[in-house]
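See structure below.
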Amino acid sequence: MPARPRLLYVTDLAYPARGRRYGDEDVFLTSRLRAEFDLALCHPLDAVALMDGFDAVVVRNSGPVLHYRREYDAFRERAAASGTPVHNPLTGRGDMDGKQYLLDLTRAGFPVIPTVDRPEELGRLPEADVYVAKPRAGADSIGLRFLTGAELADLTWDGVLVQPRVDLRYEVSFYYVDDTFQYALHAPDPERRWVLEPYAPTEADLAFARRFIDWNTLDHGIQRVDACRTREGDLLLVELEDLNPYLSLDRVPESTRDAFVEAMAASLHGFLRAAGR
């Protein structure tokens, strides 16, 4: 009987995520994935020490890497040196690589909240009563500040991105496994980001989200496209989560959860085959 693939599943079960339960989501996912894989869970700080004994590493709800940047860089270096496959692959162009993509997409004319990183570019932003300053390497709203135009004059720009604060109707997220859409959720109240409800996307909505999935060029992995609906009805990208996107599986019907697990397992099998494992 052929050996089952061995996966090191990286998660911080105790991370205190506001409005989310990382531990519950990963306990659920691993309880289901064990039907097809031999699994071991570990904290992100232990991944380097343990990864050589597995066919692949799965990075899930591991928390913002800015809390352990040196160890995360060491993990990436070790994976590259040993050839250990990592799911999601470490070639992502979204949040996996910081917030540079917001600048790249702005300059390329994509439908994204306009973003600049130099004071001389402020004229490229639409005028707003309030601006958002966020760390280029930020995550989970850490370091986020709201500033008036006058306050921007005193901003220290090193490692900081600036956007206009958008008057939005709601936020909506599109969830993908590999390049296949799975489900969408939205937050009807912009002040309660993680109070989510199922959302039925239109063809135009899916075309919007697909542009960013195609741009990211990940052959395998889990991605979340976060967008906001403006008062005018347009969608603008907020974030492209491709490192460890929380999935809010507790907010979808059981049939959708089942389908997602099946898609994730198929993605992992295909990923391992492509890696020769």
Go ahead and collect, in residue order, the members of region 61-88 whose backbone nitrogen is under 19 Å from a label point 7 Å along the Cα-Cβ direction of ARG18. 62-68
For region 1-140, evaluate the Debye formula with one uniform point scatterer on each Cα (no solvent term) and list log10 I(q)/I(0) at q = 0.12, 0.17 Å⁻¹, rounded to two decimals. -0.62, -1.00
Förster-model FRET efficiency, 41 Å R0, LEU41 and ASP214, C-beta, rounded to 0.05: 0.80
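If you wrap a convex hull around the C-alpha atoms of region 108-259 and split its volume per residue, what is the figure in Å³? It would help to have the intermediate numbers written out before the result.
Working: hull volume 19.0 nm³, N = 152.
Normalising the Cα hull of region 108-259 by residue number yields 125 Å³.
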Integer Hz, Karplus 6.51/-1.76/1.60 couplings in order for region 123-133, x for Gly and Pro: x, 7, 8, x, 5, 8, 5, 9, 10, 10, 10
With viscosity set to 0.692 mPa s and temperature to 37 °C, compute the Stokes-Einstein D of region 195-277, Rh being the Kirkwood radius across alpha carbon pairs; µm²/s, no decimals. 224
What list of ³J(HN,Hα) values in whole Hz, one per residue of region 36-48 in order, does the Karplus curve 6.51 cos²θ - 1.76 cosθ + 1.60 (θ = phi - 60°) give from phi, with Gly and Pro shown as x? 10, 9, 8, 10, 9, 9, 8, 6, x, 6, 9, 5, 4
Mind putting together the pair-distance distribution for region 148-196? All Cα pairs, 5 Å bins, whole percent per bin, short to long. 5, 16, 15, 13, 13, 17, 13, 6, 3
Skipping prolines and chain starts, which residues have an amide H placed within reach, meaning under 5 Å, of the one on TYR9, given they are 5 or more residues away or on another chain? ALA40, LEU41, CYS42, VAL58
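Is it possible to state the helix-based mean residue ellipticity at 222 nm for the chain, with each DSSP H run of 4+ residues giving -39500 (n - 2.57), the sum divided by total residues, to the nearest 500 deg cm²/dmol? What is it? Don't skip to the answer; put the middle values down first.
On the way: 7 runs with 77 residues, N = 277.
Rounded to the nearest 500, the figure is -8500 deg cm²/dmol.
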Listed residues VAL57, VAL195, VAL162, most fluctuating in the chain (Gaussian network, C-alpha, under 10 Å): VAL195
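Between ASP250 and THR180, how high is the FRET efficiency from 1/(1 + (r/R0)^6) when r is the Cβ-Cβ distance and R₀ = 25 Å? Nearest 0.05. Intermediate values should be presented prior to the final figure.
Details: r = 21 Å, r/R0 = 0.86.
Computed FRET efficiency for ASP250 and THR180: 0.70.
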Set of region 169-210 residues, backbone N closer than 17 Å to the point 7 Å along the Cα-Cβ line of PHE28: 173-177, 182-187, 194-199
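Report for the chain the percent antiparallel among DSSP-assigned beta bridges with both residues inside it, nearest 5.
On the way: 33 of 45 bridges.
Percentage antiparallel, nearest 5: 75.
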Long-range amide H partners of ILE222 with built H, under 5 Å: ASN88, ASP178
Alpha carbon Rg of region 146-230, scaled by the compact-globule rule 2.2 N^0.38 Å: 1.34
If I build a Gaussian network model for the chain, linking alpha-carbon pairs within less than 10 angstrom, which residue out of THR115, THR148, THR30 has the largest mean-square fluctuation? THR148
Positive end of the dipole of region 66-201, charges at C-beta (+1 Lys, Arg; -1 Asp, Glu), about the Cα centre: which of LEU147, TYR199, TYR175 has its Cα farthest in that direction? TYR175
TYR183 long-range amide H proximity, modeled H, under 5 Å: TYR175
Can you tell me the FRET efficiency between GLU191 and VAL130 if r is taken as the Cβ-Cβ distance and R0 is 25 Å, rounded to the nearest 0.05? 0.95
Translational diffusion coefficient (Stokes-Einstein; Kirkwood radius from C-alpha pairs) of the chain at 37 °C, 0.692 mPa s, in µm²/s: 167
Starting at the first residue of region 171-186, write each ³J(HN,Hα) from the Karplus equation 6.51 cos²θ - 1.76 cosθ + 1.60 with θ = phi - 60°, in whole Hz, x for Gly and Pro. 9, 9, 10, 10, 10, 10, 10, 6, 10, 10, 5, 10, 6, 9, 9, 9
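We did not get these values from a lab; they are worked out from the coordinates using the rules stated. This is a predicted model, so every value here is computed, not measured. Ideal geometry is used to build each Cβ from the backbone, glycine not excepted, and the neighbour counts take in all protein chains shown.
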